[in-house]
1. If you check Val5 against the conditions, is it open to solvent by 20 Å² or more (accessible area, probe 1.4 Å) and not in a loop (DSSP other than H, G, I, E, B)?
2. Restricting attention to segment 74-103, and to residues there that are in contact with a Gly (Cβ under 7 Å, 6 or more places away or on another chain) and of a type in the set (Ser, Thr, Tyr), which single residue is modelled with the lowest pLDDT?
3. List, please: which pairs have Cβ atoms under 9 Å, are six or more places apart or on different chains, and start with a residue in segment 97-121 that is in contact (Cβ under 8 Å) with a residue 40 or more places away in the chain and among the charged types (D, E, K, R) and end with one that is open to solvent by less than 60 Å² (accessible area, probe 1.4 Å) and assigned to a strand (DSSP E or B)?
4. Which of the residues belonging to segment 63-76 are open to solvent by 70 Å² or more (accessible area, probe 1.4 Å) and on the phi < 0 side of the Ramachandran plot?
5. Looking only at residues that are outside any strand (DSSP E or B) and touching a helix residue (DSSP H, G or I) at 6+ places or on another chain (Cβ under 9 Å) in segment 8-53, which one is most open to solvent (accessible area, probe 1.4 Å)?
6. I'm trying to understand the selection: among the residues of segment 55-69, which are under 14 Å from the mean Cα position of the chain (by Cα), within 12 Å of Leu80 (Cα to Cα) and assigned to a loop (DSSP other than H, G, I, E, B)?
7. For Arg100, only one of the following conditions fails: (1) open to solvent by 70 Å² or more (accessible area, probe 1.4 Å); (2) over 10 Å from the mean Cα position of the chain (by Cα); (3) basic (Lys, Arg); (4) under 27 Å from Gln1 (Cβ atoms). What is its number?
8. For segment 77-93, does any single residue satisfy the condition of being open to solvent by 20 Å² or more (accessible area, probe 1.4 Å), free of Cβ contacts under 8 Å to residues at least 40 places away in the same chain and under 16 Å from Ala23 (Cα atoms)?
Amino acid sequence: QVQLVESGGGLVQPGGSLRLSCAASGSIGSIGVMGWYRRAPGNQRDVVARITSDGTTSYPDSVKGRFTISRDSAKNTVDLQMNSLNAEDTAVYYCNAQIRQYSSRIYNYYWGQGTQVTVSS
């Protein structure tokens with residue numbers, strides 16, 4: 001079994017910052033791409049940031065320069081530092097990871113349960 005657990009969401013004022021964390025646990029052989037996605041009310045789930053196993057990052061234009069993704073491969077964690085937050089960033093944020101279990105030779109994608117981020121004054 002593999003589990004992703006997010007933490008760090010909450011309420012923040014416009015212009016403020018939040019840091020999200022996600023820890024993967026269970027029978028993990030190796031982890032490939034890790035990422036953060038978000039779903040605002042009435043919208044589909046969109047990618048926010050992705051990071052490969054060698055540390056290459058990618059962001060959509062909507063968050064580029066404001067959000068930073070990082071990972072600790074030794075701890076199987078991925079973080080998302082969010083700065084200059086605005087109301088459009090309000091959403092449920094989900095952690096995603098491409099994981100190969102010890103007993104398998106293939107990678108599967110796993111999701112966390114989501115954490116709410118609300119940007120409001």
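The values are calculated or read from the model by the stated rules, or taken from the named source; none is laboratory data. Small disclaimer: the values here were computed from a predicted structure and weren't measured. Here Cβ is always computed from backbone atoms with ideal geometry, including for glycine, and neighbour counts include all displayed protein chains. Ligands, DNA and RNA are stripped out before the accessible areas are found, and what is left, the full protein with its side chains, is counted by its heavy atoms. Shrake-Rupley method; radii C 1.70, N 1.55, O 1.52, S 1.80 Å.
1. Numbers: open to solvent by 20 Å² or more (accessible area, probe 1.4 Å): yes; not in a loop (DSSP other than H, G, I, E, B): yes.
Taking the combined requirement at face value, the residue satisfies it.
2. Residues of segment 74-103 in contact with a Gly (Cβ under 7 Å, 6 or more places away or on another chain): 84-85, 92-96, 98, 100-102.
Next, from what is left, pick out any that are of a type in the set (Ser, Thr, Tyr): 84, 93-94, 102.
Values: Ser84: 98, Tyr93: 98, Tyr94: 98, Tyr102: 91.
Checking each candidate, the answer is Tyr102.
3. Arg100/Ile28; Arg100/Gly29; Arg100/Ser30; Arg100/Ile31; Arg100/Gly32
4. Lys64, Thr68, Ser73, Ala74, Lys75
5. The first filter runs over segment 8-53 and keeps only residues outside any strand (DSSP E or B), leaving 8-9, 13-17, 27, 40-44, 52-53.
Still in the list and also touching a helix residue (DSSP H, G or I) at 6+ places or on another chain (Cβ under 9 Å): 14, 40.
Values: Pro14: 75, Ala40: 24 Å².
Here the residue is Pro14.
6. Tyr59, Val63
7. The failed condition is (1).
8. Checked against the condition, which is being open to solvent by 20 Å² or more (accessible area, probe 1.4 Å), free of Cβ contacts under 8 Å to residues at least 40 places away in the same chain and under 16 Å from Ala23 (Cα atoms), segment 77-93 yields no hits at all.
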